[in-house]
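Notes for the one structure printed next.
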Amino acid sequence: MERESWSFLKAFLVAVLALHPNFCHAEKAPNYSFVREATAAPRVSYHPNIVVGGGTAGCALAATMSLKTAVLVLERGGSPYTKPGITDKANFMLQLYDTSSDSYAQQFFSEDGVSCNRARVLGGGSVINAGFYSRAEPRFIKEARLEEDQVRKAYDWVEKKVAFRSPVLQWQTAVKEGLLEAGVTPDNQFTYEHVKGTKIGASIFDNNDHRHTAADLLEYAEPKNILVYLHATVHKIIFTETDGIAGLRPRATGVIYQDAAGVLHEAHLIKDSKSEIILSSGAIGSPQLLMLSGIGPARHLQEMRVKVVKDLPTVGQNLADNAMNGIFIPSPLPVEVSLISTVGITQSDNYIESFSGLNLPANPGPLATSLPATVYKVYNEVKNTMGSNLNTRLQGGFIIQKAARPRSTGHLQLRNPNPNETPKVWFNYFKEPEDLKMCVQGMETVIKVVDSKSFSRFRFPSISTPDLMNLTAALPANLRRRHPNTATSLERFCKDTPTTFWHYHGTCQVGKVVDNEYRVIGVDALRVIDASTFHTTPGTNPQATVMMLGSFVQEATSAPPVSYHSYIVVGGGTAGCPLAATLSEKANVLVLERGGSPYAKPGKTDKVNFLLGLYDTSNDSYAQQFISEDGVFNHRARVLGGGSVINAGYYSHADPEFIKETSLDEALVKDSYRWVERKLAFEAPVLQWQSAVKDGLLEAGVLPDNKFTYQHIKGTKIAATIFDKNDHRHTAADLLEYADPKNIKVYLHATVHKIIFATESGSRKRATGVIYQDASGVQHEAYLTKDSKSEIIVSSGAIGSPQLLMLSGVGPPHQLQAMGIKLVLDQPMVGQNMADNAMNSIAVPSPLPVEVSLLSTVGITQSGYYIEAWSGLNLPPSSGQMRTPVPPIVYKAYNESRIKVGPFDTRIEGGYIVQKFGRPLSKGHIELRSTNPNETPKVWFNYFKEAEDLKMCVRGMETMIKVVNSKSFSRFRYPSVSTHDLLNLTAALPLNIRPRHPDTATSLEQFCRDTATTFWHYHGSCQVGKVVDTDYRVIGIHSLRVIDASTFHVTPGTNPQATVMMLGRAMGVRILKDRPE
């Protein structure tokens, strides 16, 4: 199909998935001449397009495609029209628990112990779900860069066939009024739109409570262009052989499927470059088929003895579901049969819904816990027998809640090579604390509705709300364990009683498995179009960013072999993201980032997990660990957003002296800071620990009290942070929201191996392009357009930027020659003057609980050293062994402060007070270790080589000791543990691999030397005036700049990240000013 048609289908996908999860029988079954049993299919056939899965997306997709091209649809289930009445509203629960071999819903249990269902029927999930129909929220449409007119037409197209106004009778009216009474306002009446407040939604049940489904949309199809086979289970996709040839992409050419009689058939694509296979098998079926066909995590496929076609480790990852929790209310009055007509959409994005009067299966299972006699009596009274089949109908119903955009994600794994068997599925409900907070908020609103005056007529007066919680917890809703406090703690209730809302998504996400046109990355003629491609992000973390990024951020495996651009930015980090976003306002920009997306692991970058992220040694971790030649543990970011994704989040402007030393205009600097702050700067919270540190600093003489400020001023202040009020991290990657999507392309896992140079007249070199490698090991070339203003800008950080210059032949000749690198420019200062601000600290175990905090309070002394603190963080599973023995009383306090928070992880009850000094005089350098750009060079920082640095450290330690000994901080001290004991404890911790000395804890000079760690503030390896000029152009080379912290002579203020982001923005503005319109 043409690009314009796919643009419509992208908009259409959003519209039709209004039916997901809540979208069969029409009053009169349509007569589809093109729908047949697969047993009637030929053994081999050829088609322009093959759609695998005739579900909520597949039916509508195939009907639309058939208007212009021929389509084969293969559906593993049967027809939704063969069992009249089974899909009616009253029987919603009955069909979910139908375990017959031809049921529309295939039951399975997730590995979390929750009962789930997969559709196996033409029409997919729209045949078995709760029928609620509502359009996407406006920001989803806007930020997904969909054409609003196309989306509106697609919605209209769907709604003509399957959408009806929901009836609102007694139960639903009481819920509606209860929601308004609970403050879920305004009253939005009936609407298709997603708006905050209480509304009446649409439904796919008609006025007679008959269900209409996605299968009804096949009425739009062109009969001569479409063929649908039922009970056609696809076993695998067929691909062309690549024979291991680098750069040769596998191409999907057909599928093998089995009919109900067990006979195998083959369906092949015709030989046409536009022919494609499209998977629409849902968030479980689509990744399952990809893996069965050899596309997925290579190790897992090999374990299953599946031949690997394409190693794509993100297939099946990021699986999410919206957990449903609620309260069952038995009613003294008869209730109507209702399914989710009224919905309350809260300001915090909890959705409150309800159903009533449904038929239950014959044997729903025994109660999970015992109940008080009065509650048990009422429960039995409201189970009314409905006919000789022993089914029952509930007199009463449930008020339920779900939270939007769950942060907790899981994955799926093949159980075996049988496509009929559901894979192992983990949703990891409430793994992330924010999801649990959201559930508790939702349950609090549910309780307000249950207790409202408006709802009181549906309550037994003798049954209290705690009784209802007990009753709900006792119902056999899942296989999860109940606890003594299940019904008394909302946190425990949420964890113990979740059920599914059947909103599975995320296993083939845009940007990770498919590109923004839904093509499988690295494979030709294969797309995935269903809810498996949808992203979800945590709470206030920017879903907008992720959905928008899907339009221009892709895996480098999808990049062409050769491309041309006005600007090539190497490194999508703290400087690179704002720089590229700015340049895209007027020019075409390519960003090459060696790491992945910071949105791929929700919760991983939250404040509490700061240390866990740094010590994650997995191949796809955001932080690449290394040890400097000084024996200090260090980290380099390898993720879009760079150091802002892995650092401590502190945000503060540069000191005025630093700004004066740069060539930047002060007005531009101010504007650039404000540009950054609109997206990601927040006032840091100050709770108990941080407040005690602040008061201790003032008591120690670090004056005045400057309150909250962005500015770098002497005294004690509260700083800004990039963590929001929910402790979620915002990063430089969020600044890409400013980018013009038409003018920017970002490739992830794109490791640049070298810069390409050409020789101009007079032997001066000009940068013309780069060679980079994708995650599959395939090399690509990106070149500058033939424009005198086009440039390559290296923004790879204080280690990566000089490393790339040297790998490309720009650097000290003796180093390059030793590595066999051809010399392009003799530049001996590349990699020299490397500096880091050493951090020294005192560990303070606390007898009191402490908050999770990171560097909120800072003391900026007159001498130029800075005192900060953190507390309550999660520690990695193995934090290492003590380096030296400590007194038993100290060891006891240390162990008591390590609180277990999971199977392996611990949290520190206590924290650290830390110091660094602003302008270290000690300098080091870097040397290439090899020609592999993925390997960190040898790095020397030469901490405390200069005597003045050691003096500064001692002064800082003396102030820290005053804070630790202050009256203000005393409540966080064990009285029996002296300050000397704390120094002993700190010296014993495995902070680095430097030697310890007998006087480490008694001599502050020796303590500084022995316990030095990094503050990750590396700088100086491509300094202005030595490697680059004041416009950040590499001296002696045309069309090449370096813009990042490697150019700094000193660290700006207490923390460089705000200034690095400011620099990216400011230099982008300056470069564009020199560019002709």
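Structure summary
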| read-out | value |
| --- | --- |
| The range 406-432, residues that are closer than 18 Å to ASN726 by Cα and surrounded by fewer than 20 Cβ atoms within 10 Å (Cβ to Cβ) | LYS431 |
| Neighbours by Cβ (under 6 Å, 6+ apart or cross-chain): first from the range 430-457, under 16 Å from GLN172 (Cα atoms); second open to solvent by 40 Å² or more (accessible area, probe 1.4 Å) and in a helix (DSSP H, G or I) | SER452/GLU181; SER454/GLU177; SER454/GLU181 |
| Qualifying residue in the range 52-62 (condition: open to solvent by less than 10 Å² (accessible area, probe 1.4 Å), in contact with a Leu (Cβ under 8 Å, 6 or more places away or on another chain), closer than 20 Å to THR253 by Cα and assigned to a strand (DSSP E or B)) | yes |
| Close pairs from the range 302-321: first within 12 Å of ILE521 (Cα to Cα), partner part of a loop (DSSP other than H, G, I, E, B) and open to solvent by 40 Å² or more (accessible area, probe 1.4 Å), Cβ under 8 Å, at least 6 apart | LYS310/SER776; ASP311/SER776; PRO313/ASP620 |
| Test: residue in the range 234-241 that is surrounded by fewer than 21 Cβ atoms within 10 Å (Cβ to Cβ) and modelled with pLDDT under 95 | yes |
| Test: residue in the range 657-678 that is open to solvent by 20 Å² or more (accessible area, probe 1.4 Å), aliphatic (A, V, I, L, M), in contact with a Pro (Cβ under 9 Å, 6 or more places away or on another chain) and assigned to a helix (DSSP H, G or I) | yes |
| Top-ranked residue of the range 529-580 - restricted to ones that are modelled with pLDDT of 95 or more and aliphatic (A, V, I, L, M), ranked as surrounded by the most Cβ atoms within 10 Å (Cβ to Cβ) | ALA575 |
| Which numbered condition GLY811 misses (of (1) crowded, with 23+ Cβ neighbours inside 10 Å; (2) within 35 Å of the chain's Cα centre (by Cα)) | (2) |
| Count of residues meeting criterion [over 15 Å from GLN1023 (Cβ atoms) and either modelled with pLDDT under 95 or not small (Gly, Ala, Ser) (or both)] in the range 784-805 | 11 |
| Criterion: part of a loop (DSSP other than H, G, I, E, B), open to solvent by less than 10 Å² (accessible area, probe 1.4 Å) and at negative phi - qualifying residue of VAL830, VAL850, VAL844 | VAL830 |
| Number of positions in the range 581-606 that are closer than 16 Å to ALA559 by Cβ and part of a helix (DSSP H, G or I) | 0 |
| Residues satisfying the stated conditions in the range 924-948, i.e. assigned to a loop (DSSP other than H, G, I, E, B), open to solvent by 60 Å² or more (accessible area, probe 1.4 Å) and not polar (S, T, N, Q) | ARG929, GLU935, LYS945, GLU946 |
| Restricting the range 399-433 to residues that are among the charged types (D, E, K, R) and not in a strand (DSSP E or B), the residue that is nearest to ALA600 (Cα to Cα) | ARG407 |
| Options VAL1024, VAL1050, VAL1060, VAL1069; residue that is under 29 Å from the mean Cα position of the chain (by Cα) and under 22 Å from HIS653 (Cβ atoms) | VAL1060 |
| Test: PHE108 is in a helix (DSSP H, G or I) and not charged (D, E, K, R) | no |
| Subset of the range 581-592 (residues that are in contact with a strand residue (DSSP E or B) (Cβ under 6 Å, 6 or more places away or on another chain) and open to solvent by 10 Å² or more (accessible area, probe 1.4 Å)) | ASN588 |
| From ASP774, ASP705, ASP695, ASP727, residue being open to solvent by 40 Å² or more (accessible area, probe 1.4 Å) and in contact with a strand residue (DSSP E or B) (Cβ under 7 Å, 6 or more places away or on another chain) | ASP705 |
| Matching residues in the range 1034-1067 - criterion: being open to solvent by 10 Å² or more (accessible area, probe 1.4 Å) and small (Gly, Ala, Ser) | GLY1036, SER1039, ALA1045 |
| Meets criteria (basic (Lys, Arg), over 30 Å from LYS962 (Cβ atoms), open to solvent by 40 Å² or more (accessible area, probe 1.4 Å) and touching a Lys or Arg at 6+ places or on another chain (Cβ under 6 Å)) for LYS822 | no |
| Conditions (1) out of contact with any Leu (no Cβ under 9 Å at 6 or more places or on another chain); (2) modelled with pLDDT under 90: number failed by ILE399 | (2) |
| Subset tally (residues that are of a type in the set (A, V, I, L, M, F, W, C), touching a Phe, Trp or Tyr at 6+ places or on another chain (Cβ under 9 Å) and buried (at least 17 other Cβ atoms within 10 Å of the Cβ)) for the range 478-500 | 2 |
| Failed item, numbered, when ALA298 is tested on (1) over 25 Å from GLN509 (Cα atoms); (2) surrounded by fewer than 20 Cβ atoms within 10 Å (Cβ to Cβ); (3) not basic (Lys, Arg) | (1) |
| Residues satisfying the stated conditions in the range 161-209, i.e. within 36 Å of the chain's Cα centre (by Cα), closer than 18 Å to GLY344 by Cβ and among the aromatic types (Phe, Trp, Tyr) | PHE190, TYR192 |
| Count of residues meeting criterion [open to solvent by 10 Å² or more (accessible area, probe 1.4 Å) and of a type in the set (S, T, N, Q)] in the range 594-652 | 9 |
| Qualifying residue in the range 31-50 (condition: modelled with pLDDT under 90 and either in a helix (DSSP H, G or I) or of a type in the set (Phe, Trp, Tyr) (or both)) | yes |
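Yes or no, residue by residue, for (1) touching a Lys or Arg at 6+ places or on another chain (Cβ under 9 Å); (2) among the aliphatic types (A, V, I, L, M):
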residue: GLY197; (1), (2): no, no
residue: HIS210; (1), (2): yes, no
residue: LEU217; (1), (2): yes, yes
residue: ASN225; (1), (2): yes, no
residue: THR233; (1), (2): yes, no
residue: PHE239; (1), (2): yes, no
residue: GLY262; (1), (2): no, no
residue: GLU266; (1), (2): yes, no
residue: LYS271; (1), (2): no, no
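The values are calculated or read from the model by the stated rules, or taken from the named source; none is laboratory data. Keep in mind the model is a prediction, meaning the values are calculated, not measured. Please note: Cβ atoms are built from the backbone with ideal geometry, for glycine as well, and neighbour counts cover all protein chains shown. For the accessible areas, the whole protein counts, side chains as well, though only heavy atoms, and no ligand, DNA or RNA atoms are used. Shrake-Rupley method; radii C 1.70, N 1.55, O 1.52, S 1.80 Å.
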